[in-house]
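Working notes, beginning with the structure itself.
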Amino acid sequence: MINFSINKTAFLNNLRITKQAISTKVAIPTLSKIKIDVSTEGITLTGSNGQISIENFLSKDDENAGMLITEPGSILLEASFFESVVNNLPEVTFDFKEIEQNQVVLTSGQSEITLKGLDVEMYPRIQEMPTENPLKIKAGVLKEIFTETAFAVSTQESRPILTGLHLTLTDNKVLKSVATDSHRMSQRVITLDKLSENFDLVLPNKSVNSFKSVFSDDDTELDIFFSSNQILIRNETISFYTRLVEGNYPDTNRLIPSDADYTLDLTFDVANLRHTMDRAKLLSNATTNGTVKLSITGDQIVATVNSPEVGSVHEEITPLAKSGDDLTISFNPQYLIDALKVIKEPEVRIRFISPVRPFTLVPKSDTLDFVQLVTPVRTN
């Protein structure tokens, strides 16, 4: 029969992290619950939606928690309702006491609220993972490569494999993250400091987004474990489980041109080019094909959009450097905007092959192994 007292803010912080794995629309009713396990060492909160599961441990030794555990135990409570109740308790601390028939009483100041719970035996068990030889990486590093690539995943369920992020480890240290929706691609490669076992998996984009908000401390070191259908990412207090996308990811290496293929090489100021595309996009949204046309003739580069209903854009762009042949190419400006957003350096190098072949973007300095592709649109 659980009995503990705790600081409300500390408890809510942990509850909100765990609750990110809980969905209101679930096939299994118990997955709308939060599982609370109280031991002599602290409190573990567990949430799951069947795809993602989070176990979050709050130690009794955490000074911010002000925790006093009188009696351990476990219970399930309706997650959203429980969070709302705790959030509205009047004092900085509250007491949590289990009484008969899976009911709990929350006491804070003059307030006393009774909630009905369920037996934890009704909660689905999280699939156990082998926890040997982890891949070790800083949370901030993983977030960065996710941000640089995940925006290009597909939102079309017709090809489920493209709705995930393709992660591979080769030579026990070369980590590659790739995303494509078949219209664009983003690929980032880094070399890890510590060796790990090679892997090849596809991480659902929803799990990528959840990961970024669950692990808020960029300096924390993560241990990552893999099985055939699941991945576990954990630090000292949080275990983040997610199922993987099944299937084989297409070979994207063949999409990246060789240096000899390019016929035009341009360097732009990232901010200036992005602002130009932002303006072009305003009118391209009103056109039937939603494109901007880029015309490179001699030293002149012009971006144009013509909408019979709205108007037109004609804007000259000054490159920082140019070499190669003249070219006219049309593309979706949003794809270029998205690509420029994740380039942190001030200058970008864009190289073209032909009006109908994808063009590539890389940061101007060659210190990053980071390349993006955008597929042009054929226009009459």
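The values are calculated or read from the model by the stated rules, or taken from the named source; none is laboratory data. The shown structure was predicted, so the numbers you read here are calculated from the model rather than taken from an experiment. Don't worry about glycine lacking a Cβ; one is built from the backbone with ideal geometry, like all the others, and counts go over all protein chains shown. In case anyone asks, the SASA skips ligands and DNA or RNA and just uses the protein heavy atoms, side chains included. Shrake-Rupley method; radii C 1.70, N 1.55, O 1.52, S 1.80 Å.
May I ask you to say which residue of Asn248, Asn205 is over 21 Å from Thr131 (Cβ atoms), open to solvent by 50 Å² or more (accessible area, probe 1.4 Å) and not aliphatic (A, V, I, L, M)? Even if it seems obvious, please write down each step before you answer.
Details: Asn205 fails: open to solvent by 50 Å² or more (accessible area, probe 1.4 Å).
It is Asn248.
Pick from Thr147, Thr155: which is open to solvent by 20 Å² or more (accessible area, probe 1.4 Å), among the hydroxyl-bearing types (Ser, Thr, Tyr) and part of a helix (DSSP H, G or I)?
On the way: Thr155 fails: part of a helix (DSSP H, G or I).
Selected residue: Thr147, the only one of Thr147, Thr155 that is open to solvent by 20 Å² or more (accessible area, probe 1.4 Å), among the hydroxyl-bearing types (Ser, Thr, Tyr) and part of a helix (DSSP H, G or I).
Starting from residues that are open to solvent by less than 40 Å² (accessible area, probe 1.4 Å) and assigned to a loop (DSSP other than H, G, I, E, B), keep the ones in region 251-285 and report whichever is farthest from Ile329 (Cα to Cα). I'd like the intermediate steps shown before the answer.
Residues of region 251-285 that are open to solvent by less than 40 Å² (accessible area, probe 1.4 Å), as a first pass: 252, 257, 262, 264-268, 270, 273, 276-277, 280, 283-284.
Subsequent filtering for residues that are assigned to a loop (DSSP other than H, G, I, E, B) retains 252, 257, 262.
Working: Thr252: 23, Pro257: 17, Tyr262: 14 Å.
In this case the residue turns out to be Thr252.
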### Query
For region 65-86, does any single residue satisfy the condition of being touching a Gly at 6+ places or on another chain (Cβ under 7 Å), of a type in the set (D, E, K, R) and in contact (Cβ under 8 Å) with a residue 24 or more places away in the chain?
no
### Task
Say whether the condition of being at pLDDT 95 or above, surrounded by 13 or more Cβ atoms within 10 Å (Cβ to Cβ) and not in a strand (DSSP E or B) is met by at least one residue in region 106-117.
yes
### Message
If I filter region 352-367 down to residues being surrounded by fewer than 19 Cβ atoms within 10 Å (Cβ to Cβ) and in contact (Cβ under 8 Å) with a residue 60 or more places away in the chain, which single residue comes out as nearest to Gln334 (Cα to Cα)?
### Response
Arg357
#### Entry: Among (1) surrounded by 15 or more Cβ atoms within 10 Å (Cβ to Cβ); (2) of a type outside the set (Val, Ile, Thr); (3) under 19 Å from Leu45 (Cβ atoms) - the single one Asn87 does not satisfy
(1)
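Condition first: of a type in the set (D, E, K, R) and surrounded by 20 or more Cβ atoms within 10 Å (Cβ to Cβ). Can you find one or more residues in region 181-200 that meet it?
So far as region 181-200 goes, yes, one or more of its residues are of a type in the set (D, E, K, R) and surrounded by 20 or more Cβ atoms within 10 Å (Cβ to Cβ).
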### Query
Going through region 258-284 one residue at a time, which ones are without any contact (Cβ under 8 Å) to a residue 60 or more places away in the chain and more than 27 Å from the chain's Cα centre (by Cα)?
Ser258, Asp259, Ala260, Asn272, Thr276, Arg279, Ala280, Leu282, Leu283, Ser284
#### Entry: Residue that is nearest to the chain's Cα centre (by Cα), among those in region 50-67 that are surrounded by fewer than 21 Cβ atoms within 10 Å (Cβ to Cβ) and either among the basic types (Lys, Arg) or assigned to a loop (DSSP other than H, G, I, E, B) (or both)
Gln51
### Message
Every residue in region 158-180 that is farther than 19 Å from Thr252 by Cα and open to solvent by less than 70 Å² (accessible area, probe 1.4 Å), please.
### Response
Asn172
### Selected residue (criterion: surrounded by the fewest Cβ atoms within 10 Å (Cβ to Cβ)) from residues of region 32-49 that are under 22 Å from the mean Cα position of the chain (by Cα) and among the small types (Gly, Ala, Ser)
Gly47
### Of residues in region 303-343 being over 35 Å from the mean Cα position of the chain (by Cα) and of a type in the set (A, V, I, L, M, F, W, C), the one nearest to Asp278 (Cα to Cα)
Val310
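Within region 338-347, identify whether any single residue is open to solvent by 80 Å² or more (accessible area, probe 1.4 Å), outside any loop (DSSP other than H, G, I, E, B) and either touching a residue at least 60 places away in the same chain (Cβ under 8 Å) or in contact with a helix residue (DSSP H, G or I) (Cβ under 7 Å, 6 or more places away or on another chain) (or both), and answer yes or no. Don't jump to the end; show me each part of the working.
We begin by selecting, within region 338-347, every residue open to solvent by 80 Å² or more (accessible area, probe 1.4 Å); these are 341, 344, 346.
Within this subset, residues satisfying the condition of being outside any loop (DSSP other than H, G, I, E, B) are 341.
Now narrow it down to the ones that are either touching a residue at least 60 places away in the same chain (Cβ under 8 Å) or in contact with a helix residue (DSSP H, G or I) (Cβ under 7 Å, 6 or more places away or on another chain) (or both): 341.
Yes.
Considering each of Thr9, Thr18, Thr44, Thr40 in turn, give the residue that is out of contact with any Leu (no Cβ under 9 Å at 6 or more places or on another chain), under 22 Å from Lys212 (Cα atoms) and of a type outside the set (Asp, Glu). Spell out the reasoning first.
Values: Thr18 fails: out of contact with any Leu (no Cβ under 9 Å at 6 or more places or on another chain); Thr44 fails: out of contact with any Leu (no Cβ under 9 Å at 6 or more places or on another chain); Thr40 fails: under 22 Å from Lys212 (Cα atoms).
Residue meeting the stated conditions: Thr9.
Does any residue of region 323-331 turn out to be out of contact with any helix residue (DSSP H, G or I) (no Cβ under 9 Å at 6 or more places or on another chain), farther than 20 Å from Thr149 by Cα, among the acidic types (Asp, Glu) and open to solvent by 30 Å² or more (accessible area, probe 1.4 Å)?
Within region 323-331 (the criterion being out of contact with any helix residue (DSSP H, G or I) (no Cβ under 9 Å at 6 or more places or on another chain), farther than 20 Å from Thr149 by Cα, among the acidic types (Asp, Glu) and open to solvent by 30 Å² or more (accessible area, probe 1.4 Å)), the answer is yes, since at least one residue qualifies.
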### Task
For region 7-20, state whether one or more residues are crowded, with 23+ Cβ neighbours inside 10 Å and either assigned to a strand (DSSP E or B) or of a type in the set (Gly, Ala, Ser) (or both).
no
